[in-house]
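A.B. asks: Take this structure first; my questions come after.
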Amino acid sequence: MYDKTVRRRRAVLGLLVVSSLILLTAYFGESGGGALRGVQRGTSEVLNPVQEGASRALKPVRDLFGWFGATVAAKGKVEDLSAERDRLRGELARQDNATFENARMAKLLETSGALGLGDYGPKTGRVIFQSPTVWYATIRVDKGSKDGVAVGHPVMNEQALIGRVTAVFRGAAQVTLLTDTTASVSARAGRRNVFGLVEPVGAGNPNDLLLRHVPPGARLNPGDRVVTRGTLSDSDRLPSLYPRGLPIGVISRIENEGTDTQEVHLRPHADMRSLEFVQILTRPQGIDG
Amino acid sequence: MSSPTTQLVARLVGLAIGGVVVQTAAVSQLPIAGANADISPLLVMAVGLLCGSLAGGSFGFGVGLFVDIVSMQTLGVSSLVLLAVGYGAGRLREARDPEGTFVPLAAGAVATLTFSIGFALMQFLLGADSPVSWPLLRQTLATLVVNALIALPVYAFVRRWLLASLPEDPRRRRRRAYTTGGLSPLSRS
């Protein structure tokens, strides 16, 4: 009787291990529109309304815990913010003049503002899902194909670019954040418009990004702003997924400066760990696109 | 009328679906000390401790598969790691039958650590381009601590949820045996 139980237990265990390995292998071998991904999409399609409901229902609980966390974190940020405030006051005085001229130019060009996001068809969505593991920096938003959302659309929060849409359902969209190990955005930095690729430092590091492929002689300084470049090539065949000039972050430090191994670190403007509402730019090429 | 086994399976399915939905819709969106709690390994550990290795392993496989499907992750990764967690917790019950109040806490910490390391290992084997950095270790450690803290209430909830369908709860069995005068370790001598 005991032997039978042990044999049964081992058989089930072996069967489940083999099933996992078969799933893994099949998932890797199939194309983007394969059967297993179809199952994932179908299940997600069914569960999205449930998750949306659960997300709304559990919001008070999240807010309560978030309040405790925010209070503790705010104390630590006071000193940093005071120093930044002093620095920004000085910068503000210098920028006043430039802003005045910029406003005149904007009026002249009939743009709707510095970023002009209105032209990009922004759709505001609520975050209804967040990946439970640090290895996948993904969220899901309650706006989908019925709202005009498509794969590749850039996504912003109220502060900056946070990622792009990588899967679309009827009433929801999966967004891969800039901190995901697969993410990469062409960007420009500093006043001299140095080009590079913004990529994550690694998994589990939401406050640090890298600006890669920057020429060793490029003149960059901590504090320089990094924005989307807006194009991948000089031809029209490969247009960028991201509009030009969307804010990404600020250069925080440069390691091995001036050498071939230099690493330009930047701190993203957006806090990727507390996203609640986001904007999906459904016309990334603007009105003409 | 449904049999106890059918009832138990139904409750386990409900627990898996409810647990994953709560995890992705609320718990993952709550950063605590720079990390998030992950209740999946805790649920699997609790089921393993209460129901044994067969149920624990199967539940771990199911929860992992569901997490992978819902999160659009690589299928098979979470199921393989959580299968090991559930089986391990079940074997702990079958081989040692631990009784202490803080057993779920220690088991929860071990389950979380096993899941974190196993998942990371799988990601590296699958070619994830990420170094083992201090922030990654810090997040893993923070998740471990937070999970250990919530392991006891999660275990208590799972035990309460499954109690009516459990064929033989070790503690109930032992208590009943002592009070009826049989099977006490003292009576053997």
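The values are calculated or read from the model by the stated rules, or taken from the named source; none is laboratory data. In this text the structure is predicted, and so the values were computed from the model without any measurement. Here Cβ is always computed from backbone atoms with ideal geometry, including for glycine, and neighbour counts include all displayed protein chains. Protein only, heavy atoms only, side chains kept; ligands, DNA and RNA dropped before computing areas. Shrake-Rupley method; radii C 1.70, N 1.55, O 1.52, S 1.80 Å.
A.B. asks: Apply the Karplus curve 6.51 cos²θ - 1.76 cosθ + 1.60, θ = phi - 60°, to the phi angles in segment A:152-160 and return the couplings in whole Hz, x for Gly and Pro.
C.D. replies: x, 5, x, 10, 10, 10, 5, 9, 6
A.B. asks: Need one number for chain B: average projected area of the convex hull over its C-alpha atoms, nm².
C.D. replies: Projected area, direction-averaged: 12.6 nm².
A.B. asks: Turning to a different aspect of this structure: Convex hull over the alpha-carbon atoms of segment A:177-232: what's its volume per residue in Å³?
C.D. replies: Dividing the Cα hull volume of segment A:177-232 by its residue count gives 87 Å³.
A.B. asks: Taking all protein chains together and a probe of 1.4 Å, list A:Thr261, B:Thr74 from the most accessible to the least accessible.
C.D. replies: Per-residue accessible area, sorted high to low, gives A:Thr261, B:Thr74.
A.B. asks: Okay, next question. Amide H of A:Thr166: which non-local residues (sequence gap of 5 or more, or other chain) have their own amide H closer than 5 Å, using H built in the peptide plane?
C.D. replies: So A:Thr166 has HN proximity to A:Gly152, A:Gln174, A:Val175, A:Thr176.
A.B. asks: Within 10 Å of each Cβ in A:124-130, how many Cβ atoms from other chains are there, averaged over the peptide?
C.D. replies: Other-chain Cβ atoms within 10 Å of each residue's Cβ, averaged: 4.
A.B. asks: What is the sum of charges, Lys and Arg at +1 and Asp and Glu at -1, for the other residues whose Cβ falls under 13 Å from the Cβ of B:Gly48?
C.D. replies: Values: positive: A:Arg9, B:Arg91, B:Arg93, B:Arg96, B:Arg159; negative: B:Glu94, B:Asp97.
Overall, the nearby charge balance is +3.
A.B. asks: Here's something else I'd like to know. When the Karplus curve 6.51 cos²θ - 1.76 cosθ + 1.60 is applied with θ = phi - 60°, which whole-Hz ³J(HN,Hα) does each residue of segment B:155-166 get, with x for Gly and Pro?
C.D. replies: Result, ordered by residue: 4, 4, 5, 5, 4, 5, 5, 9, 3, 5, 9, 6 Hz.
A.B. asks: Among B:Ala128, B:Ala106, B:Ala151, whose mean-square fluctuation peaks in a Gaussian network model of chain B (Cα, cutoff 10 Å)?
C.D. replies: B:Ala128
A.B. asks: Can I ask one more? Name the long-range amide H neighbours of A:Leu266: under 5 Å, sequence gap of 5 or more, or other chain; modelled H, no Pro or chain starts.
C.D. replies: A:Leu209, A:Leu210, A:Leu211, A:Ser252
A.B. asks: Another one. In segment B:3-28, what residues drop by 20 Å² or more in accessible surface going from the chain by itself to the full protein assembly, probe 1.4 Å?
C.D. replies: Buried-area filter returns B:Val21, B:Thr24, B:Ala25, B:Ala26, B:Ser28.
A.B. asks: Starting from the Kirkwood Rh over alpha-carbon pairs, what translational D in µm² s⁻¹ does segment A:115-289 have by Stokes-Einstein at 10 °C and 1.306 mPa s?
C.D. replies: Approximately 98 µm²/s, per Stokes-Einstein.
A.B. asks: Before rounding to the nearest 500, sum -39500 (n - 2.57) across all DSSP H runs of length at least 4 in the protein assembly as shown and divide by the residue total; then give [θ] at 222 nm in deg cm²/dmol. Provide the component values of the computation, followed by the final result.
C.D. replies: Details: 11 runs with 241 residues, N = 478.
Mean residue ellipticity at 222 nm (helix-derived): -17500 deg cm²/dmol.
A.B. asks: Choose one of A:Ala187, A:Phe169, A:Val250: the residue whose Cα lies farthest towards the positive end of the charge dipole of chain A (beta-carbon charges +1 Lys, Arg; -1 Asp, Glu; about the Cα centre).
C.D. replies: Going by the Cα projections, it comes out as A:Phe169.
A.B. asks: Could I ask something else about it? What residue among A:Pro122, A:Val78, A:Ala218 has its Cα farthest toward the positive end of the dipole of chain A, where the charges are +1 on Lys, Arg and -1 on Asp, Glu, each on the Cβ?
C.D. replies: A:Pro122
A.B. asks: If you don't mind, there's one more thing I want to ask. Under the Karplus relation 6.51 cos²θ - 1.76 cosθ + 1.60, θ = phi - 60°, what is the ordered set of whole-Hz ³J(HN,Hα) values for segment B:85-97, x standing for Gly and Pro?
C.D. replies: 3J(HN,Hα) across segment B:85-97, in whole Hz: 4, x, 5, x, 5, x, 5, 4, 5, 5, 8, 10, 6.
A.B. asks: Here is a follow-up. In vacuo Debye scattering of segment A:1-92, one point per C-alpha: log10 I(q)/I(0) at q = 0.14, 0.16, 0.17, 0.19 Å⁻¹?
C.D. replies: -0.86, -0.88, -0.89, -0.95
A.B. asks: Under the rule of at least 5 residues apart or a separate chain, name every residue whose amide H is placed under 5 Å from the amide H of A:Val194.
C.D. replies: The answer is A:Ala189.
A.B. asks: Further question on the same structure: Ignoring ligands, DNA and RNA, what percent of the 1.4 Å accessible area of chain B is carbon and sulfur?
C.D. replies: About 67 percent, which is the carbon plus sulfur part of the accessible surface.
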